1. Scan around VAL107 for amide H atoms under 5 Å from its own, H built in the peptide plane at 1.01 Å from N, and keep only partners 5 or more places away or cross-chain.
2. Going by amide H atoms built from the backbone, whose H comes under 5 Å of the H on SER395, apart from near neighbours?
3. Along the Cα→Cβ direction, 7 angstrom out, place labels at SER146 and SER250. What is the inter-label distance in nm?
4. Can you give the extra length, in nm with one decimal, that the chain gains between GLN64 and ASN398 once fully stretched, where that is 0.36 nm per residue apart less the Cα-Cα distance?
5. At what distance in nm do the modelled label points of SER206 and SER73 sit from each other, each positioned 7 Å from its Cα along Cα→Cβ?
6. Mind sorting ASP429, ASP268, ASP392 by how few other Cβ atoms lie within 10 Å of their own Cβ, fewest first?
7. Tell me, what HN-Hα J-couplings in whole Hz come from the Karplus equation 6.51 cos²θ - 1.76 cosθ + 1.60 at θ = phi - 60° for each residue of the range 368-385, using x for Gly and Pro?
8. Given R₀ = 56 Å, FRET efficiency for ASP315-ALA437 by Cβ-Cβ distance, to 0.05?
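Bear in mind these aren't lab numbers, they're just calculated from the coordinates by the rules spelled out. Predicted model, so just to flag it, every value in this text is computed and none were measured. Heads up, the Cβs are rebuilt from the backbone with ideal geometry, glycines too, and the neighbour counts pull from every protein chain shown.
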Amino acid sequence: MLKSGQANSGATTARPAIFAPLVSPRARARAPIAVTNARSMRNRSRSAAASCKPFLDALRELKQQRRSLTQRSSVAVCLTGQLRLFMLSLPGLVKHLLAPLAAEARVEFFYVGPADASFAHGRRWLQHVPGLRLCSVYSPVLRWASRTGAPMYEELPSPNRSSSYTAPRNRTVATAAARHHRAQNSTSALGLLSPAELSLPMSPPSSLPSLRLGVRTAGCSEANARSRLVQAWQARRCLQLVERHEASQSARRRTPWQYDAILRVRADALPTRKVELPPLSSLLAQPTFTPLDDCPARGESRLANHDFALLGRRDVMAVALRAVDTLDQHAQTNGAARSGRQGGRRPCDFDGLVGAAVRRALPDAKCVALPRGGSPVASVRGNVRGGCFFLDIESPPNDGQPQPRVGALRLDAAASVASQCLGLEEQRDPRRPGTGAACAPRGGWDGDFRTDASPWDASPPNRGAG
């Protein structure tokens, strides 16, 4: 979901003004002293990030592909959402999707997510991702506007006046769907971090800008409507990061430049087998897109069966990623035609709304089916304090079935990172049948904003970081 101008006092050169100073040593000194077990986890995570051989080995192929000068295409990868235990899932994502993609194109990364406990621990792991360009983080405590007519989303400066964050001087209301979303007119509105800054001490979350979302404006009745609205904002925010990098590259090259394709993928996504993509050149020849887990059935309006990942030509993905800007208009148009309203409120089909936006802008856009139906997609859930983790196969759904183990799926790197670098043991998903110890996750379940904490949390749930 959705996740300042002073330089670090110890720096010898000024940082670009677009970066918010989320990492001042002074703010670190003001932060409360962590409890012993939380400090122990943090120190273990910090040292493991730089010395975890299974994790670094998994990234080696991606680094080697980047050294090649033969790629003519470029792909921006938007990693969005909570990092959770992404250091366990990323090696599988690299092996099964990113490395084959990097063999054909130059792959570069952008991250958008909350500055929760999983980011505090995972950012040093994220820093090792080759080709990481920019991160955008926000306060993990989200705000919800319940009044009718509230903006769909507002990007708010930090309420902590004593922090080092400085709000931009010019705060404007967006003109497209003017009363439905407000954003700062600069990408400095939300905290930006360069890759080098990921290893520096961070200011407390209270010093970060935050989001306020108008869930009633969207008019959704699903239990997970809030999480989906934040995910839609995260996608929009990542497109802004991509566009900013493209602008800087165009200025440097003195000629217009853009990525050829964009992949949006949840930060904790783990394809369980190799995704057999068609040649990238065929995807770029016309407006196309493809999810990891095969195309939806003919006649469905959505672009993918699950929200985990979508790869497409840049023009297709730009429309899909910015769909939140007109979400209320799409909801009214599509909701009126749907049956099964509950208590006068319409179901809000976020996936269908994105698909409608793409097909409205690009009527010829089509989904490219993958061999073998793509790959099942899992996430890694767990409880670091409890020393356990498990795979959650989310697409296609396998509810009621025993959960497969990482060894059976030959996800050796995930098992090695868990055991050798984090001291985590694979246990059973407590919701599914089986015997043996069960791992009660700290991360909650998708859309459950009462318990959507980070697997790293040693304190009560953070109530919906996204």
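1. The list, which skips near neighbours in sequence, is VAL75.
2. Excluding prolines and chain starts, which carry no amide H, the hits are VAL377.
3. Here the answer is 4.4 nm between the modelled labels.
4. Numbers: separation 334, 0.36 × 334 = 120.24 nm, distance 3.62 nm.
Full-extension gain reported as 116.6 nm.
5. Going from the SER206 label point to the SER73 one covers 4.9 nm.
6. Numbers: ASP429 18, ASP268 27, ASP392 22.
Neighbour counts put them in this order, fewest first: ASP429, ASP392, ASP268.
7. Values per residue, Gly and Pro as x: 9, 6, 9, x, 6, x, x, 9, x, 10, 10, 10, 9, 10, x, 8, 5, 4 Hz.
8. Values: r = 49 Å, r/R0 = 0.88.
Computed FRET efficiency for ASP315 and ALA437 comes out at 0.70.
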